[in-house]
Amino acid sequence: MSDRNTGTASGHPSGNPSQPSATPGGTSVSSAAQEPHLERQLSNRHIQLIAIGGAIGTGLFMGSGKTISVAGPSVIFVYMIIGFMLFFVMRAMGELLLSNLAYKSFSDFAADLLGPWAGFFTGWTYWFCWVVTGIADVIAISGYANELVPGIPLWIPGLATVAILLVLNLPTVKAFGETEFWFALIKIIAIVALIVTGLVMIFSGFSSEAGPAGFSNLWSHGGFFPHEFMGFVAGFQIAVFAFVGIELVGTTAAEAKDPEKNLPKAVNSIPVRVLLFYVGALVILMAVTPWTEFRAGHSPFIGMFSLAGLGIAATVVNLVVLTSAMSSANSGIYSTSRMVFGLAQEGDAPAVFGRLSPRKVPRNALFLTCVLLLSGVVLLYAGENVGKAFEMVTTVSAVCFMFVWSIILASYLVYRGRRAALHEASAFKMPGGRVMVSVVFAFFAFVLWALTTQPDTLMALLVTPVWFAVLGVAWAVLRRRPLHVARAEAFRARLQAEGRETGDREPATVGAAE
């Protein structure tokens, strides 16, 4: 398949990549023809497993104990509702990405449809989300490594994690795809093993100190809503973070082989993944052990295998949880490096991060992320309040992810109004259209309200605007710089040259909104 990310922008002469072309304003900027481009090396199996890995986060393995303890069996409905709503976000993203294969990620179509400010805010917010999540993962990995090898200095697994992931991501994007394929496969096998083991325990009459295993445990300890409505609401506060990364497939758009076939497959499998991996696993966990036995800070997966008398299996699950955190950090390194690379190409980040290695990997952007992840190693020695601090920071991250999901939906609304012909011609239309966008926005408003009901999440919600204030100041300074304006024009020209051309297509809005 030809690479749709190569091409020339009209009005820009071709030449030596090291020689920038001059813009009318006298500012030097590389032409679109000279822009480095990512290569399409991710096959269907890579995209499918990356999508699954993005949907199955560490929140399921490590955070579900707390979610169950606060929401009881109603947590099943919490995960189903969140998964249902985010499916429409992913369908909107899929339709937009396939409407123009020059889009490298959702940051690109946000910049094109909403204006350059949206690309800037979306790209840097998504970068921030994954850096925070990656730092939390490094800390989690160090903690679990200490359980497996008691007494090991915490800095050793932390530093080793960053070094291993850097080495895995530097060679080619295919190397990342292969690594994430196996990481995700391990998570899938662990969940399937838990479901099978749990079913055997239920139907064989297994009994523990907490009582016999059986599906009646789902409703015989206070019903499905033991903490009534507010307990149900509390479940959303925690569970929404378990879904961060579900949009990861959107950052693979520029490096996916045959995206028109593979991206729809990955997006459409989201409901099945949520039902099987989240709902299925949680039903089995609470059927084997009453929900009243679950506690925050303890992995329900490890607890169930220990109950079954599979001590070795419990150790293996410890390794799986470690792998899950590695997978999340690996995804973070990949997505942040690609996002910074795209921002650099659009003039929203220093140009040094827009360079590729001879193997078509954004090496400088990778180094930036890894250096920041090392701060997680430093925080390991910051004291006992690190856990509480990161609980707040991860809530901030979840709110920022909701901002990104909202930008995707807002971009879809503009696309429907401005490029109706492209929507009509799309083979991958978002079901429900504008009506479902309104429903999902209402759901996000509900989640934000839910975050105000607890002191810790309320504090995180109040802190979040600081990030957007910082971005606002940075944008006010950056947007008027001649180099930024010139690169934004080059970005607009590239989209026009490389995108699907239709007779009624409006020019890209980048630059117009300046």
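The values are calculated or read from the model by the stated rules, or taken from the named source; none is laboratory data. Worth saying up front: this structure is predicted, and the values here are computed from it rather than measured. Here the Cβ positions follow ideal geometry from the backbone for every residue, glycine too, while neighbour counts run over all protein chains shown. For accessibility, only protein heavy atoms count, side chains too; no ligands or nucleic acids. Shrake-Rupley method; radii C 1.70, N 1.55, O 1.52, S 1.80 Å.
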Flag for Phe367 being surrounded by fewer than 16 Cβ atoms within 10 Å (Cβ to Cβ) and either part of a helix (DSSP H, G or I) or aliphatic (A, V, I, L, M) (or both): yes
Test set (1) in contact with a strand residue (DSSP E or B) (Cβ under 9 Å, 6 or more places away or on another chain); (2) exposed (fewer than 15 other Cβ atoms within 10 Å of the Cβ) - Val249 fails condition number: (2)
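Return the total of residues in segment 177-227 being in a helix (DSSP H, G or I) and either touching a His at 6+ places or on another chain (Cβ under 9 Å) or open to solvent by 70 Å² or more (accessible area, probe 1.4 Å) (or both).
Final tally of qualifying residues: 10.
When you look at Lys174, is it assigned to a helix (DSSP H, G or I) and open to solvent by 70 Å² or more (accessible area, probe 1.4 Å), yes or no? Lay out the reasoning, then the answer.
On the way: assigned to a helix (DSSP H, G or I): yes; open to solvent by 70 Å² or more (accessible area, probe 1.4 Å): yes.
In short, yes.
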Qualifying positions in segment 350-360 - within 22 Å of the chain's Cα centre (by Cα) and free of Cβ contacts under 8 Å to residues at least 60 places away in the same chain: Phe353
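Residues are listed down the side, and each one gets a yes or a no for (1) part of a helix (DSSP H, G or I); (2) touching a Gly at 6+ places or on another chain (Cβ under 7 Å); (3) modelled with pLDDT of 80 or more; (4) buried (at least 19 other Cβ atoms within 10 Å of the Cβ):
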site: Gly342; (1), (2), (3), (4): yes, yes, no, yes
site: Leu356; (1), (2), (3), (4): no, no, no, no
site: Val361; (1), (2), (3), (4): no, no, no, yes
site: Val377; (1), (2), (3), (4): yes, yes, no, yes
site: Gly383; (1), (2), (3), (4): no, no, no, no
site: Phe401; (1), (2), (3), (4): yes, no, yes, yes
site: Trp405; (1), (2), (3), (4): yes, no, yes, yes
site: Ile408; (1), (2), (3), (4): yes, no, yes, yes
When residues of segment 252-261 are limited to those that are surrounded by 22 or more Cβ atoms within 10 Å (Cβ to Cβ) and in a helix (DSSP H, G or I), the one modelled with the highest pLDDT: Pro259
Hey, Pro465 at pLDDT 75 or above and at negative phi or not: yes
Unmet requirement for Val138, which otherwise passes all of (1) at pLDDT 85 or above; (2) out of contact with any Phe, Trp or Tyr (no Cβ under 9 Å at 6 or more places or on another chain): (1)
Matching option when the condition is open to solvent by 10 Å² or more (accessible area, probe 1.4 Å), in contact with a helix residue (DSSP H, G or I) (Cβ under 9 Å, 6 or more places away or on another chain), basic (Lys, Arg) and at pLDDT 85 or above, among Arg40, Arg45, Arg91: Arg91
Residues being of a type in the set (D, E, K, R), buried (at least 21 other Cβ atoms within 10 Å of the Cβ) and outside any helix (DSSP H, G or I) - total across segment 266-303: 0
Cβ-Cβ under 6 Å pairs, at least 6 apart or on other chains, segment 199-214 side under 14 Å from Thr292 (Cβ atoms), far side surrounded by 15 or more Cβ atoms within 10 Å (Cβ to Cβ): Ser208/Leu307; Ala210/Thr289; Ala210/Pro290; Ala210/Glu293
Extreme residue, modelled with the lowest pLDDT, among residues of segment 422-436 that are small (Gly, Ala, Ser) and surrounded by 13 or more Cβ atoms within 10 Å (Cβ to Cβ): Ser426
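Quick one: in segment 232-246, of everything that is open to solvent by 10 Å² or more (accessible area, probe 1.4 Å) and over 21 Å from Ala92 (Cβ atoms), which residue is farthest from the chain's Cα centre (by Cα)? It would help to see each step written out before you state the result.
Pass one, segment 232-246, residues open to solvent by 10 Å² or more (accessible area, probe 1.4 Å): 232, 234, 237-238, 241, 244.
So of that shortlist, the ones also over 21 Å from Ala92 (Cβ atoms) come out as 232, 234, 237-238, 241.
On the way: Phe232: 24, Ala234: 22, Gln237: 17, Ile238: 16, Phe241: 10 Å.
Here the residue is Phe232.
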Residue in segment 129-145 that is open to solvent by 30 Å² or more (accessible area, probe 1.4 Å), free of Cβ contacts under 8 Å to residues at least 12 places away in the same chain and not in a helix (DSSP H, G or I) present: no
Test: Leu97 is modelled with pLDDT under 85, at negative phi and either in contact with a Leu (Cβ under 7 Å, 6 or more places away or on another chain) or surrounded by fewer than 23 Cβ atoms within 10 Å (Cβ to Cβ) (or both): no
